[in-house]
1. Taking K87 as the residue in question, decide whether it is open to solvent by 50 Å² or more (accessible area, probe 1.4 Å) and under 29 Å from F198 (Cβ atoms).
2. Out of everything in region 530-560 that is of a type in the set (A, V, I, L, M, F, W, C) and modelled with pLDDT under 60, what residue ends up being least open to solvent (accessible area, probe 1.4 Å)?
3. Considering P345, P357, which residue is within 23 Å of H386 (Cα to Cα), in a loop (DSSP other than H, G, I, E, B) and either within 27 Å of the chain's Cα centre (by Cα) or of a type outside the set (D, E) (or both)?
4. Going by the structure shown, is I294 over 28 Å from the mean Cα position of the chain (by Cα), of a type outside the set (D, E, K, R) and farther than 14 Å from S261 by Cβ?
5. Please identify the pairs in which a residue from region 567-594 that is over 27 Å from R478 (Cβ atoms) and open to solvent by 20 Å² or more (accessible area, probe 1.4 Å) has its Cβ atom under 6 Å from the Cβ atom of a residue that is modelled with pLDDT under 75 and hydroxyl-bearing (S, T, Y), counting only partners at least 6 apart or on another chain.
6. Can you report the number of residues in region 239-265 which are within 14 Å of G275 (Cα to Cα) and aromatic (F, W, Y)?
7. Out of all the residues in region 64-74, is one or more more than 22 Å from C169 (Cα to Cα) and modelled with pLDDT of 90 or more?
8. Going through E313, E325, E337 one at a time, which residue ends up being open to solvent by 70 Å² or more (accessible area, probe 1.4 Å) and either closer than 19 Å to A244 by Cβ or outside the structural domain of V364 (by the TED database) (or both)?
Amino acid sequence: MSQPIKNQNKPIIKKKQPMSNNESQSNLRIIPLGGLHEIGKNTCIIEYEEEMILLDAGIGFPDEGMHGINVVLPDMTYLRENQHKIKGMIVTHGHEDHIGGIVYHLKQFEIPVIYGPRLALALLQNKLEEAGIADQTILKPVLPRETVKLGSAFSVEFIRNTHSIADSCCVAMTTPLGVVIHTGDFKVDHTPVDGEHFDFHRLAEYGEKGVLCLLSDSTNAESPGHTPSEESVRPNLDRVFAEAEGRLFLTTFASSVHRVSIILDLAQKHNRVVGVVGRSMLNVIAHARNLGYIKCPDDLFVPLKELNKIPDERVVILTTGSQGETMAALTRISKGEHRQVRIKPNDTVVFSANPIPGNTIAVVNTIDRLMMIGAKVIYGRQLGIHVSGHGSQEDHKLMLALTKPKFFVPFHGEHRMLVKHAGMAHQMGIPKENMVIINNGDVVELSRDRIQVTDQVQSGIELVDHSGIVHKDIMSERQQLALDGLITVAVAVGSNGEVLAQPEVNLRGVVSPLAPAKITDLIVRSVEQTIEKYWGNLATNGNGKPIDTDIDWTGLKVEIETGLKRMLRRELKSQPTTVCLLQTPRGKQVKAKSNGKLPQPVKSNSSDNNGNGNGNGVEVKQDFRGRRRRRRSASVSS
């Protein structure tokens, strides 16, 4: 995942001085928490005085260094601290990078009402029900050209646009200072698959009346010309259908309703039935059919278990996994791990999607595996089997020409895309001082005659695995384990500082030119030296016992681990995670750790029938040097 980049080559200077306001009216604040200098996590706050609304709340996906992480969220600290100001949320469309985070946020703070297009809210309703929080908010579907009121400061009109998912909208937010238009994700498609055309007329009407600020999708700002229509994919996929001899697998984004609709149309044309693999694909198709965005007969679909009864040349399998996701259906099929679907030598697999940034390696690995087990794989931009859902340069220029904004902020994209988009806006006549290129967390303040970045709120990422939010220290530990492995040392120490038994050493994932036996010997020697030095610093009586019997066993444990880390760094030239399990004499208190809990004592074994021990709970045993020691039951500090 792309990390936020500090703007080193700023074509537009951002000043951090407080913004002066010559009028009595408050400034409007625009605060993006995600979606800038990256792809994904699109989340924005629009704030005026004591009221704020949320604009989308998306997720990002983990990179290869985020071990065990399923989902990446924006840092929502600012919203948690100001949740009393939230009047509601606006959703522009149903892609995961715009609605995927809502379920997680509703568990942390209240969102009174969520407005959005019908398909987006249908998909969101499913998520809320699965999470058991469907009663946490109110979902209100909105049709294009309908206006909703949030608080006393915001009126929001939904305006139809065209994108790779059906039911996608721009939003025009009327505020006390003027109109702010957020484009959402968009492309200019004059021949949309569903016949729902981009509402240029309404945007132009706002442009004529006056738009204070435009926040515009920048994803394809580097691409010249226009983005092709979704319909341009149809003839190329038609040719693939005609040439496929056996089963035909097709993978695309589950939420690409228009692409899925084209695939289902072609399946009917070529007399093929369709099996659907992947829960997200099933959910999207079901909701899109209910809302009329996909039209096909029920008997087009066949359960997977019935497909074996149908000749291969009459089968289409529509599957998730176009991005090489670890648990997606096509990825598991490529590994031979799917319970119901196996690749046959005569199968054709079509990737009707391009890898998004960060997913290329996962996608090509999936393609390689499919080829190695005998499938014919069709992929690549040059084949015309995929088009982007985001506008190119001429589409961006049209948006700027229609809305005629006074101020401009490029949104949704990596840094170079934002810079390119700002350059186009300047060519279209917007002065440089009327634009800002910003980072996640920047506070953009708007007055009627000025735009400026005046502050920054806490921003960054929050990581989620199957158990919930993963804190930074836990993530650092996971990364350290992956890099250098783990060493555990169990050592028992008597009240007089003697090591009572050979320390038990375990190495996991540790790579070194030294033999494991040599590493173990170095570890044992380090432990012995640390304990000897620690006891040497204690005041003792004539018998060598410490005068102060309240020994800091936790401090000894820390000293052992510190000594081990120092030795390992010197000898192995690496830093394995080191854990010391310290056994201490029974009855000796171990100081509370940071969680306030004391380690639980380990009960000793009394004498058994073989005569081991003396029957008084004291075991007589040789230490690892061969000397006989009376070993008392111990407690464990770990």
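The values are calculated or read from the model by the stated rules, or taken from the named source; none is laboratory data. Model, not experiment: these values are computed from the prediction. A quick note on method: Cβ atoms are made from the backbone with ideal geometry, for glycine too, and the neighbour counts reach across all protein chains shown. Areas reflect the complete protein model, heavy atoms only, side chains present, ligands, DNA and RNA absent. Shrake-Rupley method; radii C 1.70, N 1.55, O 1.52, S 1.80 Å.
1. Working: open to solvent by 50 Å² or more (accessible area, probe 1.4 Å): yes; under 29 Å from F198 (Cβ atoms): yes.
For K87, the condition - open to solvent by 50 Å² or more (accessible area, probe 1.4 Å) and under 29 Å from F198 (Cβ atoms) - is met.
2. Filtering region 530-560 down to residues of a type in the set (A, V, I, L, M, F, W, C) leaves 531, 535, 538-539, 547, 551, 553, 556, 558, 560.
Keeping just the survivors that are modelled with pLDDT under 60 gives 539, 547.
On the way: A539: 67, I547: 116 Å².
Per the criteria, the residue is A539.
3. Numbers: P345 fails: within 23 Å of H386 (Cα to Cα).
None of the other options fit; the residue is P357.
4. On the way: over 28 Å from the mean Cα position of the chain (by Cα): yes; of a type outside the set (D, E, K, R): yes; farther than 14 Å from S261 by Cβ: no.
Criteria not met by I294.
5. Between residues of region 567-594 that are over 27 Å from R478 (Cβ atoms) and open to solvent by 20 Å² or more (accessible area, probe 1.4 Å) and residues that are modelled with pLDDT under 75 and hydroxyl-bearing (S, T, Y), the close pairs are R586/S633.
6. Of the residues in region 239-265, 1 are within 14 Å of G275 (Cα to Cα) and aromatic (F, W, Y).
7. First, pick out the residues of region 64-74 that are more than 22 Å from C169 (Cα to Cα): 64-74.
From the residues that got through so far, the ones that are modelled with pLDDT of 90 or more too are 74.
Checked region 64-74: at least one residue is more than 22 Å from C169 (Cα to Cα) and modelled with pLDDT of 90 or more.
8. Selected residue: E313, the only one of E313, E325, E337 that is open to solvent by 70 Å² or more (accessible area, probe 1.4 Å) and either closer than 19 Å to A244 by Cβ or outside the structural domain of V364 (by the TED database) (or both).
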